[in-house]
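A.B. asks: Take this structure first; my questions come after.
The values are calculated or read from the model by the stated rules, or taken from the named source; none is laboratory data. Bear in mind the structure is a predicted one, so any value in this text is a computation, not a measurement. Virtual Cβ from ideal backbone geometry, glycine too; neighbours counted across all protein chains shown.
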Amino acid sequence: MLQNSLAADPNRDLKSIYVYAAPVRIWHWVMTAAMIVLVTTGLLIAYPPPAVGGEASEHFLFGYIRFAHFTAGYVLAISWLVRVYWAIVGNDYTRQLFLVPVWSRAWWSEFGNDLKTYAFLPSAKPLRYAGHNPMAQLAMFFMATLGSFFMIITGFAMYSEGAGRGSWQDKLFGWVIPLFGQSQDVHTWHHLCMWLIVMFTIVHLYMVVRQEITTKESILSTMIGGYRSFKD
Ligand code: HEM
Ligand code: HEM
């Protein structure tokens, strides 16, 4: 099991660690691009623009909006499949998004330390991490990982209504609609979870900038080049 903070080995002369292999970095940026398209087109589906005038058969505006949403939906789903595969074959850090060691006392104690650090309490000692700190890990697990899975499952369930009975979307995800009640309920939950992901992204961006400024670890360049560098 991955040692969470690097505190256990303070004498280790760390300059940099290869944390994110290329598939993880590509997944992150492809998924981010897909999310931008999904949120934009999703809001247009939820709050449609007024009908365009003239001959109906000359326009396909809403069709294009839905087409963009579904294409980005497929991209998101496939990128997460690649990410899950990489969690199996990749290094320990790649599993942090899926396995949160809530059974570990040390993890909870570091979680408490994170709370103090983020509150800028003087008693907090910021620890060094090559992967994610416990608070980041927990937020990422619930909001990014489970949030994305929820969007993919409910998205394909709604898609199955158009794809029709017997389609693979219907066979794999058709059961979701009766589970929620009816189609409109799935729409509502899919819509609500979008705001959870949007909130996560806003806090995520704040944290990236905050950690970059207040800690001695590289952050943004780590998701570009793969290496976590230690500036001290
Ligand atoms: C984070 C990812 C996603 C976001 C933010 C998102 C957002 C949205 C939103 C806001 C709506 C409108 C819901 C409403 O109020 O009625 C919607 C509808 C829909 N989404 Fe997504 N979505 C995401 C992922 C997906 C995925 C992976 C699929 C699978 C293909 C998908 C398929 C659909 C379908 C089929 C609809 C209904 C379209 C319609 O009724 O015309 N979505 N989405
Ligand atoms: C332009 C927008 C974004 C920027 C600049 C950005 C930046 C970053 C950076 C720098 C990291 C590495 C953090 C570290 O070193 O510990 C990271 C990781 C991560 N980001 Fe983003 N991010 C963006 C959008 C998103 C979005 C939309 C999501 C999903 C909702 C997301 C989910 C994640 C996750 C889950 C990780 C952890 C990756 C892993 O452990 O495999 N990011 N992001």
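A.B. asks: Looking at Leu115, Leu99, which is the one that is away from ligand 2 (no atom under 14 Å from the Cβ), under 20 Å from Met143 (Cβ atoms) and out of contact with any strand residue (DSSP E or B) (no Cβ under 7 Å at 6 or more places or on another chain)?
C.D. replies: Leu115
A.B. asks: Can you spot a residue in the stretch 180-202 that is more than 24 Å from the chain's Cα centre (by Cα) and under 30 Å from Ala21 (Cβ atoms)?
C.D. replies: No, every residue in the stretch 180-202 fails to be more than 24 Å from the chain's Cα centre (by Cα) and under 30 Å from Ala21 (Cβ atoms).
A.B. asks: Follow-up. Being of a type in the set (Lys, Arg), out of contact with any Lys or Arg (no Cβ under 6 Å at 6 or more places or on another chain) and either assigned to a helix (DSSP H, G or I) or buried (at least 19 other Cβ atoms within 10 Å of the Cβ) (or both) is true for just one of Arg66, Arg128. Which residue is that?
C.D. replies: Arg66
A.B. asks: Working only within the stretch 143-164, note down all residues that are touching a helix residue (DSSP H, G or I) at 6+ places or on another chain (Cβ under 8 Å) and of a type in the set (Val, Ile, Thr).
C.D. replies: Ile152, Ile153, Thr154
A.B. asks: Do we have Asp170 as among the acidic types (Asp, Glu), more than 12 Å from ligand 1 (Cβ to nearest atom) and either touching a helix residue (DSSP H, G or I) at 6+ places or on another chain (Cβ under 6 Å) or under 23 Å from Val82 (Cβ atoms) (or both) here?
C.D. replies: Yes.
A.B. asks: Something else: Within the stretch 204-232, restricting attention to residues that are of a type in the set (A, V, I, L, M, F, W, C) and near ligand 2 (Cβ under 10 Å from one of its atoms), which residue is nearest to Tyr20 (Cα to Cα)?
C.D. replies: Filtering the stretch 204-232 for residues that are of a type in the set (A, V, I, L, M, F, W, C) and near ligand 2 (Cβ under 10 Å from one of its atoms), the one nearest to Tyr20 (Cα to Cα) comes out as Met223.
A.B. asks: Pull out all pairs, ordered by first then second residue, where Cβ-Cβ is under 6 Å, the residues are six or more apart or on different chains, the first lies in the stretch 30-59 and is over 24 Å from Tyr74 (Cα atoms) and surrounded by 12 or more Cβ atoms within 10 Å (Cβ to Cβ), and the second is modelled with pLDDT of 95 or more and β-branched (Val, Ile, Thr).
C.D. replies: Listed pairs, sorted by first residue: none to list.
A.B. asks: Hey, among the residues in the stretch 155-179 that are without any contact (Cβ under 8 Å) to a residue 40 or more places away in the chain and among the small types (Gly, Ala, Ser), which one's nearest to ligand 2 (Cβ to nearest atom)?
C.D. replies: Looking at the filtered set, the residue picked out is Ala157.
A.B. asks: Which members of the stretch 110-132 meet the condition of being among the small types (Gly, Ala, Ser) and closer than 26 Å to Tyr20 by Cβ?
C.D. replies: Once the filter is applied, which keeps residues that are among the small types (Gly, Ala, Ser) and closer than 26 Å to Tyr20 by Cβ, the stretch 110-132 yields Ala130, Gly131.
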